[in-house]
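Remarks on the structure that follows.
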Amino acid sequence: MTTLQPATRHASLRAGDEWWKAAVVYQVYPRSFADSNGDGIGDIPGIIEHLDHLEDLGIDVVWLSPVYASPHDDNGYDISDYYAVDPSFGTLEDLDELIVGLHARGMKLVMDLVVNHTSDEHGWFRQSASSRDNPKRDWYIWRDPRDGAEPNNWGSFFSGPTWTLDETSGQYYLHLFSSKQPDLNWENPDVRSAIYQMMNWWLDRGVDGFRMDVISFISKHPDLPDGRVNEGASYADGIDFYGSGPRVHDYLQEMHREVFAGRDAELMTVGEMIDATPEKARLYTDSTRHELNMIFHFEHVGLDHGPGGKFAPKPLQLVELKQSFARWQRELADVGWNSLYWNNHDQPRVVSRFGNDTDYWYESATALATVLHLMRGTPYVYQGEELGMTNMPFSSIDQFRDIESLNYYREATVAGGRAQAAEVLAGIARGGRDNARTPMQWSSDPNAGFTAGEPWIPVNPNHADINAAAQRDGNRSVFAWYRGLINLRHTEPVVIDGAFDLLLPEHPQLFAYTRTNEDTALLVVANCSNDSAPLDAALVTAWGSAETILANNVGDRRLPLLMLPWEVIVLKRITG
Ligand code: ISL
Ligand code: CA
């Protein structure tokens, strides 16, 4: 068993390289991380109690999902005050203490920035809705009815139309997400400067950057044209008219001038972009354009969506997955930078989704981690991923909390009747976001050590087996494997700067690639299937004499003629 070694920070960074190119980011979803006061909701003091876990893992940056004041229609992605911490999460002083605690351990804090929309309970929206001539009316997107109904035919991400009628003024307001998440009008310069001011306030307070929620949606096509309605759908997908809209690059460059210029060397920015293509990503992340350091695209996490969407999934084709990654690696090789992720608070757990969470739980969790982490880009680890946390065995609708799943269930069962209910439930059980939001599994104690009270969402019953306490000290654990991968990025320059080349692109089981720079070559080969896979004899010959086995998750061996199910091997050769 070749075990990856624990962390040494950043020995692999070369002079002139941006620090975040050698960094690994860990996402904390505060509601589900650790509850310090027994109210069943994770909070900031709970995070502070677990800083050792993050330090042991070796991560460089924490991305904290929203902790701002919020009515929690969408678990904090609906903000009612950007300058306040929600009491359910703690206080501003707690947040200051978290920043100090992270900085003292050499880690940074990146805040979630949700500025495509606010809560409808934000003071700005309250004023905007108060009358047609309120000075903040134009801070949101208001339109007259069209033929007595919605101004256009766009559908919301959370079911239903993107428009809600305000009875008082007789106008509709736009919301791409829930009706409690009205979209801000970025066309208005006062909106933009209020946002920049708020961002500066947080940076002055010591935060180290932002993960920008659906930031490619901030510039809408001025006419808000109708979209095409797919067969069987009630509403159109309007993304062509708000995804990377006409002024998005102006806004991001202005944001850079107003917020980041002069202090961006120590900071990090990453934008969430559902509509991103490699071509768009190059524009957003080309460092000479001064927009963002990197983006999250959705291509690889859409490959198992069926024609009916995320709640009607189809099997993943490994060949498509590899070729998608390879294309992004290639397109952002000379301009821009990739972010690498399997999981976040919106995605089902990868070991259940693309791996095998029963027969090959450890092997598939470590194999998938390895192929992701050794590509070029900045890897993101979502809380619990480092433990191989799995999807939740949901069996009834009252175990769900997520507005997206609940609205979808309501709409689909109304449309399809009771007969459809079981099928719809199976769909949200597999594809729903609550899979990522069950509490972090700290121990085999009741409620997985997450809370002394009643958790806001059920704990996965498998916490008796899968938990941090059981994994932290062992060598053969998913946690130890992640720690090793993070250390490899920190110690091997080739992981950061090496050229990426996909091998065996058409192979249906093996995910294999090399990374090469002027003095080192790495070979990564993973069998991403439940069956053994013969290896190409030429490859075995070529790499049979490699000096170092960096990692193997089934035993201490060089390239075999037959890769076991979910086996992964990483070899290193000095070439220069
Ligand atoms: O994956 C998705 C598309 O169906 C959605 O789950 C998700 O809403 C989308 O990825 C946008 O995500 C971000 O903005 C939303 C928020 O609900 C998500 O949690 C956030 O990550 C609205 O702020
Ligand atoms: Ca709490």
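Only the Cβ atoms of Lys and Arg (+1) and of Asp and Glu (-1) were treated as charged; on that basis the dipole of region 498-574 about its Cα centre amounts to roughly 140 debye. Think of region 123-174 as having a plus end and a minus end, set by charges on the Cβ of Lys, Arg, Asp and Glu; of 124, 156, 171, 124 sits farthest toward the positive end of this dipole. Neighbours of residue 320, meaning other residues whose beta-carbon lies under 13 angstrom from its beta-carbon, give a summed charge of 0 when Lys and Arg score +1 and Asp and Glu score -1. Residues whose amide H comes within less than 5 Å of that of residue 383, counting only those at least five positions distant or on another chain, are 27, 29 (H built at 1.01 Å from N in the peptide plane). Using Cβ point charges alone (K and R +1, D and E -1), the dipole size of the chain about the Cα centre works out to roughly 1180 debye.
Eigen-decomposition of the gyration tensor built on the alpha-carbon atoms of region 1-157 gives equivalent ellipsoid semi-axes of 39, 20, 15 angstrom, largest listed first. Ordering 428, 281, 575 by the projection of their Cα atoms onto the charge dipole of the chain, which places +1 on the Cβ of Lys and Arg and -1 on the Cβ of Asp and Glu, puts 575 at the extreme positive end. Take every pair of alpha-carbon atoms less than 8 Å apart whose residues are at least six positions apart; their mean separation over the length of the chain yields a relative contact order of 17 percent.
May I ask you to compute the full-extension gain from residue 165 to residue 499, defined as 0.36 nm times their residue separation minus their alpha-carbon distance, rounded to one decimal in nm? Walk me through the numbers before you get to the answer.
Values: separation 334, 0.36 × 334 = 120.24 nm, distance 5.30 nm.
Gain on extension, residue 165 to residue 499, equals 114.9 nm.
Return, ordered by residue number, the residues of region 170-204 whose backbone nitrogen is under 15 Å from a label point located 7 Å along Cα→Cβ of residue 263. What the label zone holds, given the 15 Å backbone N cut-off, is 196-204. Taking amide H as placed 1.01 Å from N in the peptide plane, the amide H of residue 548 sits under 5 Å from that of 572, each at least 5 places away or on another chain. Just so you know, the Rg over Rh for region 151-262 is 1.03, from Cα atoms, with Rh as the Kirkwood radius. Kirkwood analysis of the Cα pair distances in region 498-574 returns a hydrodynamic radius of 12.4 Å.
Of the residues 76, 490, 394, the one whose Cα sits farthest towards the positive end of the charge dipole of the chain is 490 (charges of +1 on Lys and Arg Cβ, -1 on Asp and Glu Cβ, taken about the Cα centre). For region 291-381, what Kirkwood radius comes out of the mean inverse Cα-Cα distance, in Å? About 14.1 Å, per the Kirkwood formula over Cα pairs. A simple packing score, the average count of other Cβ atoms within 10 Å per residue, orders the peptides 191-198, 262-269, 385-392, 119-126 as 385-392, 119-126, 191-198, 262-269, with the highest score first.
Dipole magnitude for region 352-498: about 200 debye, using +1 per Lys or Arg Cβ and -1 per Asp or Glu Cβ, origin at the Cα centre.
Would you kindly calculate the translational diffusion coefficient of region 123-174, applying Stokes-Einstein with the Kirkwood radius from alpha carbon pairs, for 20 °C and a viscosity of 1.002 mPa s, and quote it in µm² s⁻¹ without decimals? Intermediate values should be presented prior to the final figure.
Numbers: Rh = 11.4 Å.
Translational D for this selection: 188 µm²/s.
Looking at region 379-459, none of the trypsin sites (Lys or Arg not before Pro) sits in a DSSP loop with at most 14 other Cβ atoms within 10 Å of its own Cβ.
Summary of the geometry: region 461-482 and region 206-282, compared by the centres of their Cα atoms, lie 38 Å apart. Taking amide H atoms as placed 1.01 Å from N in the peptide plane, the amide H of residue 209 lies under 5 Å from those of 111, 268, each 5 or more residues away in sequence or on another chain. Among 180-189, 530-539, 16-25, 39-48, the peptide with the highest mean count of other Cβ atoms within 10 Å heads the list, and the full ranking is 39-48, 180-189, 16-25, 530-539. Computed over region 251-333, the range of Cα coordinates on each principal axis works out to 47, 26, 20 Å, biggest value leading. Electrostatic bookkeeping for residue 472 treats Lys and Arg as +1 and Asp and Glu as -1; over the other residues with beta carbon under 11 Å from its beta carbon, the sum is -3.
Net charge of the neighbourhood of residue 520, taken over other residues with C-beta under 9 Å away and scored Lys/Arg +1, Asp/Glu -1, is 0.
With only alpha-carbon pairs counted, each pair once and no self-pairs, how large is the Kirkwood hydrodynamic radius of the chain in angstroms? It would help to have the intermediate numbers written out before the result.
Values: mean 1/r = 0.0406 Å⁻¹.
So the Kirkwood estimate lands at 24.6 Å.
Here, each number is a calculation from the coordinates, and none is a lab measurement. Every value quoted in this text rests on a predicted model; they were computed, and no experiment measured them. All Cβ positions, even for glycine, are placed from backbone atoms using ideal geometry, and neighbour counts span all protein chains on display.
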